[in-house]
1. What does the charge count near S55 come to, summing +1 for each Lys or Arg and -1 for each Asp or Glu among other residues with Cβ under 10 Å from its Cβ?
2. May I ask for the net charge around I95, where only other residues with Cβ less than 10 Å from the Cβ of I95 are counted and Lys, Arg are +1 while Asp, Glu are -1?
3. Please give the solvent-accessible surface of Y94 in Å², to the nearest 10, using a probe radius of 1.4 Å with every protein chain present.
4. In whole Hz and in residue order, list the ³J(HN,Hα) couplings for the range 38-53 that follow from phi through the Karplus curve 6.51 cos²θ - 1.76 cosθ + 1.60, θ = phi - 60°; x for Gly and Pro.
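The values are calculated or read from the model by the stated rules, or taken from the named source; none is laboratory data. These figures come from a predicted structure and were not determined experimentally. Virtual Cβ from ideal backbone geometry, glycine too; neighbours counted across all protein chains shown. Side chains included, ligands, DNA and RNA excluded: accessible areas come from the protein's heavy atoms. Shrake-Rupley method; radii C 1.70, N 1.55, O 1.52, S 1.80 Å.
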Amino acid sequence: MKFLSAPLFLVSLLALPQGSFASPAPAPEKLTKRAPTTCTVTGDGVRYRTCASTSCPAMGQYAQGTRVTLSCFVEGENIDGNTAWGRLQSNGYYITARYLGDCSNALTWC
């Protein structure tokens, strides 16, 4: 296997026509912060967990009628046909969307 010597390599680069190199990537668009939403817990004793699954430890629970603020939704375990789980803005834990209602605005996926 033959390798070009450093001087020969540099000369070959200088011989390339102008514009042969890729232009720099455009600057990324500014990211917009997700707007949180507030929802009402529709079941009694609905647990919030460390991940979006009932196999993860429950860290606490909410009574029916409690208002919770979510930062976004993630896909998780299917609870009665619903795979969406909300990420709680206050602590980063997850609550199934199956028992959430009356949300103040549409929420985006994380």
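1. 0
2. +4
3. Rounded to the nearest 10, the figure is 40 Å².
4. Along the range 38-53, the couplings run 10, 10, 9, 6, 9, x, 9, x, 6, 7, 10, 10, 6, 8, 8, 7 Hz.
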